[in-house]
Amino acid sequence: PNISCVPNALIALSPIVDTSKKGFGHDLFDSPDDANVATPSKHIGKHIPPMLILHGTKDRVLPMEAVARFAKAVSRKNSCDLAAFEGRDHAFYNFNVDPEGYDAALLEMDRFLVSKGFLLEGHDFTDGIVE
């Protein structure tokens, strides 16, 4: 009970930031009101942790423009980095879908986590591993 469940940072991979009729997934909710309440863009505030969003510019699920608007709105309240992956689609960060996109996404996540102090830059975590 003394440990907070609020995250210290957030990494969002091709996030659905709008579940309204203009967005994606509104038909998966019991009602339009439920979809509107669940829309992440309606919950932007100072309580949001530092965020990294990775999104493909050719995402067919939710257009890059919607995610860019969301990132800009979050940036007004807290730290939000948007990494746009040129020419990549919705699942570019999956190794079995796009190995190069996967590697690029991991590098971007590492950069973010180092910048926020969650990872040490240049540390070799394989030290001491017995093969």
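Within region 63-88, how many residues are among the small types (G, A, S), surrounded by 13 or more Cβ atoms within 10 Å (Cβ to Cβ) and modelled with pLDDT of 95 or more?
Here the count works out to 4.
One line per residue, one yes/no per condition, for (1) open to solvent by 80 Å² or more (accessible area, probe 1.4 Å); (2) over 16 Å from the mean Cα position of the chain (by Cα); (3) within 24 Å of C5 (Cβ to Cβ):
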{"position": "K22", "(1), (2), (3)": "yes, yes, no"}
{"position": "G25", "(1), (2), (3)": "no, yes, no"}
{"position": "A35", "(1), (2), (3)": "no, yes, no"}
{"position": "H43", "(1), (2), (3)": "yes, no, yes"}
{"position": "M51", "(1), (2), (3)": "no, no, yes"}
{"position": "H90", "(1), (2), (3)": "no, no, no"}
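Out of the residues in region 53-62 meeting the condition of being closer than 13 Å to R88 by Cβ and of a type outside the set (D, E), tell me which one is surrounded by the most Cβ atoms within 10 Å (Cβ to Cβ).
Among residues in region 53-62 that are closer than 13 Å to R88 by Cβ and of a type outside the set (D, E), the one surrounded by the most Cβ atoms within 10 Å (Cβ to Cβ) is H55.
Is at least one residue of region 10-19 open to solvent by 50 Å² or more (accessible area, probe 1.4 Å) and in a loop (DSSP other than H, G, I, E, B)?
Among the residues of region 10-19, at least one is open to solvent by 50 Å² or more (accessible area, probe 1.4 Å) and in a loop (DSSP other than H, G, I, E, B), which makes the answer yes.
From the set of residues in region 63-87 that are polar (S, T, N, Q) and not in a helix (DSSP H, G or I), which is nearest to A12 (Cα to Cα)?
Here the residue is S79.
The values are calculated or read from the model by the stated rules, or taken from the named source; none is laboratory data. All values derive from a computational prediction rather than experimental measurement. A quick note on method: Cβ atoms are made from the backbone with ideal geometry, for glycine too, and the neighbour counts reach across all protein chains shown. The protein model used for the area step is the full one, side chains on, heavy atoms only, and it has no ligands, DNA or RNA in it. Shrake-Rupley method; radii C 1.70, N 1.55, O 1.52, S 1.80 Å.
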